[in-house]
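> The structure is given below, and queries will be raised subsequently.
The values are calculated or read from the model by the stated rules, or taken from the named source; none is laboratory data. This structure is a prediction, so every number in the text was calculated from the model and none was measured. Please note: Cβ atoms are built from the backbone with ideal geometry, for glycine as well, and neighbour counts cover all protein chains shown.
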Amino acid sequence: MTSLIEAPAQREQGAAPVTVMVTRRVLPGRAAEFETLMDGMTGAARRFPGHLSCYQIKPVEGGDRSYHALFAFDSQVHLQAWMNSPERAAWLQKISLVTLGETPTRILCGLEGWFALPTQDVRAPPPRYKMALLAWSGIFPLVLVLTNSVGPLVRPISAVLSVFVITFLVVLFMTWAVMPVLTRLMAGWLYPKAVAKRDH
């Protein structure tokens, strides 16, 4: 499953985006069936108000067959509408036939979603200084590249439009491409206790 980016629905005043991350272990030999079912669940979620995106992290080779799925909505109200819906319950029933054990679930608000480590052992975001440093390490090269590639194309039209386009692209890349990779690469630094516990 790939990341899906859609036009957000009208957001409630004062609402903030929220993401639910779910971890599931798939039965041996049932991965293809599981991925087909997840595609169906994703299609159902996309029809709900406030749906923003879905991203699935497949298990690493030699791992424990755990898949991690993130569903993002534009508000807690819209997320709960999906979480409590009969449609989701029906898909969960089908998925339970090809998965094993409990299904750890985490609710991530705001920028916590950038630093989601796909493991049930993590209960809190990393320290703010670590989040700030890692976010800067992703934002700096993105701004540098986009300023020198996209900037010259848009700046002659409008300086304000140039800033708008560049910052919009930075947020998109950071959310759906850069931060998921950086978080996995730097997991030992962001969550040393959780990673040490998982490795043992």
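> Based on what the data block shows, is Leu70 of a type in the set (A, V, I, L, M, F, W, C), under 16 Å from the mean Cα position of the chain (by Cα) and crowded, with 17+ Cβ neighbours inside 10 Å?
So Leu70 passes the test.
> Residues of the stretch 28-59 being part of a helix (DSSP H, G or I), more than 25 Å from Val178 (Cβ to Cβ) and touching an Asp or Glu at 6+ places or on another chain (Cβ under 9 Å), which ones?
Within the stretch 28-59, Met41, Ala44 meet the criteria.
> Inspect the stretch 153-168 for any residue being of a type in the set (Phe, Trp, Tyr) and either in contact (Cβ under 8 Å) with a residue 24 or more places away in the chain or not in a helix (DSSP H, G or I) (or both) and give the result as yes or no.
no
> Has the stretch 49-57 got at least one residue that is of a type outside the set (Val, Ile, Thr), under 24 Å from Phe168 (Cα atoms) and modelled with pLDDT of 90 or more?
yes
> Is it the case that some residue within the stretch 12-24 is at pLDDT below 90, surrounded by 17 or more Cβ atoms within 10 Å (Cβ to Cβ), touching a Phe, Trp or Tyr at 6+ places or on another chain (Cβ under 6 Å) and under 18 Å from Gly101 (Cβ atoms)?
Checking the stretch 12-24: at least one residue is at pLDDT below 90, surrounded by 17 or more Cβ atoms within 10 Å (Cβ to Cβ), touching a Phe, Trp or Tyr at 6+ places or on another chain (Cβ under 6 Å) and under 18 Å from Gly101 (Cβ atoms).
Listed here are the residues, each with its yes/no results for (1) under 30 Å from Lys58 (Cα atoms); (2) at pLDDT 75 or above; (3) surrounded by 14 or more Cβ atoms within 10 Å (Cβ to Cβ).
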residue	(1), (2), (3)
Leu144	no, yes, no
Thr147	no, yes, yes
Val150	no, yes, yes
Val163	no, yes, yes
Phe173	yes, yes, yes
Leu182	yes, yes, yes
Gly188	yes, yes, no
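> For the stretch 27-47, which positions are of a type in the set (A, V, I, L, M, F, W, C) and either buried (at least 18 other Cβ atoms within 10 Å of the Cβ) or over 19 Å from Leu79 (Cβ atoms) (or both)?
Just the residues of the stretch 27-47 that are of a type in the set (A, V, I, L, M, F, W, C), to begin with: 27, 31-32, 34, 37-38, 41, 44-45.
Result: Leu27, Ala31, Ala32, Phe34, Leu37, Met38, Met41, Ala45.
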